[in-house]
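See structure below.
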Amino acid sequence: MTSPGTRRLPVVGGNWKMNLDRNASRTLLMGLRQRLDGLDGVEVVVCPPVPWLSDAHDLLAGSTLHVGAQNTHWEPSGPYTGEVSAPMLRGVAEYVLVGHSERRWAGETGAETNRKIRAALAAGLRPILAVGERLEESRAGRTENVLHLQVNQALRGFTAMPPEIILAYEPVWAIGTGEAATPEIAQARCVAVRGMLAERFGEAAAQAVRIQYGGSVTADNIAGYAAQPDIDGALVGGASLDADAFTAICRAVAARAG
Ligand code: PEP
């Protein structure tokens with residue numbers, strides 16, 4: 001449970017995935033700026049595809065909205081055709097998603113997630129580390145083992161919890177399916193993840209970490225997550241492509257903080 005006196009600023013991320021052409025991206029960015037600039041009580045991070053990151057940087061400059069990338073390579077430069085490095089992202093993004101299940105599904109290993117986190121931190125980016133179990137792992141009662149393994153692999157070698165890192169608990173079975181975890185289950189998993197961080201880094205460090213819930217979050221169900229004491233915002237996929245829906249989600253999260 002959250003200690004009395006612990007206040008974490010919730011953060012809502014919008015993961016656009018591989019969606020939107022340039023015009024649609026610019027329209028959405030301007031719409032989000034219009035609706036969300038200056039909103040207190042929540043940090044808003046917009047994560048467009050790589051080609052639109054510099055538009056996002058320019059169109060959101062001077063606003064309270066932040067830009068995030070969806071992935072990074074672990075090497076700073078080299079013969080990695082099609083990849084983008086953390087130092088390259090630094091000019092246009094402040095955050096970067098790492099370990100998203102859609103990257104793990106495409107072959108990213110726990111060791112690579114760890115290298116990406118290190119690369120992001122070295123470049124001055126703030127990693128948003130996604131962890132979550134698959135349906136078969138959930139059915140087999142292995143959720144906490146999976147989360148434990150993913151957290152430990154991703155943070156391998158760290159002796160203190162880097163304060164820049166945000167975690168996102170994203171059950172794979174809830175991503176893009178419309179089958180969101182109940183707020184109570186999501187809360188319990190976030191508590192479990194926080195407990196794992198406390199084991200590794202101590203209670204005070206764990207209490208300071210922001211842990212989002214992600215998986216079929218919508219404007220209609222966000223209030224349930226926002227009300228949970230250990231859920232510090234949301235990582236939003238599909239609903240982040242709709243300016244009104246994403247705005248409603250950010251406002252609901254900000255309202256809980258107020
Ligand atoms: C995501 O992409 O991280 C995600 C949670 O997607 P969705 O909200 O569409 O389930």
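The values are calculated or read from the model by the stated rules, or taken from the named source; none is laboratory data. Computed from a predicted model, the values in this text were never measured in an experiment. Glycine gets a Cβ as well: all are built from the backbone with ideal geometry, and neighbour counts include every protein chain shown. For the accessible areas, the whole protein counts, side chains as well, though only heavy atoms, and no ligand, DNA or RNA atoms are used. Shrake-Rupley method; radii C 1.70, N 1.55, O 1.52, S 1.80 Å.
Points worth noting:
- Boolean, LEU60 is under 16 Å from ALA243 (Cα atoms) and in contact with a helix residue (DSSP H, G or I) (Cβ under 8 Å, 6 or more places away or on another chain): yes
- So ALA24, is it open to solvent by 10 Å² or more (accessible area, probe 1.4 Å) and modelled with pLDDT under 95: no
- Where LEU9 falls short, out of the listed (1) over 30 Å from GLU184 (Cα atoms); (2) open to solvent by 50 Å² or more (accessible area, probe 1.4 Å): (1)
- Selection status of ALA119, touching a strand residue (DSSP E or B) at 6+ places or on another chain (Cβ under 8 Å), in a loop (DSSP other than H, G, I, E, B) and open to solvent by less than 30 Å² (accessible area, probe 1.4 Å): no
- Residue list for segment 165-192, filter: surrounded by 15 or more Cβ atoms within 10 Å (Cβ to Cβ) and either part of a loop (DSSP other than H, G, I, E, B) or among the β-branched types (Val, Ile, Thr) (or both): ILE165, ILE166, GLU170, PRO171, VAL172, ILE175, ALA180, ALA181, ILE185, VAL191
- Condition met for GLN187 (of a type outside the set (A, V, I, L, M), farther than 26 Å from TRP16 by Cβ and in contact (Cβ under 8 Å) with a residue 60 or more places away in the chain): no
- Qualifying positions in segment 79-116 - within 16 Å of the ligand (Cβ to nearest atom), in a helix (DSSP H, G or I) and surrounded by fewer than 21 Cβ atoms within 10 Å (Cβ to Cβ): GLU102, ARG103, ARG104, TRP105
- Set side by side, the residues ALA154, ALA234, ALA205, ALA219 differ, and just one is surrounded by fewer than 18 Cβ atoms within 10 Å (Cβ to Cβ), aliphatic (A, V, I, L, M) and either within 17 Å of the chain's Cα centre (by Cα) or modelled with pLDDT of 95 or more (or both), which is ALA205.
- Segment 122-148, subset in a loop (DSSP other than H, G, I, E, B) and free of Cβ contacts under 8 Å to residues at least 24 places away in the same chain, residue nearest to GLY13 (Cα to Cα): ARG142
- The number of residues in segment 238-249 being more than 13 Å from VAL45 (Cβ to Cβ), of a type in the set (Gly, Ala, Ser) and near the ligand (Cβ under 10 Å from one of its atoms) comes to 2.
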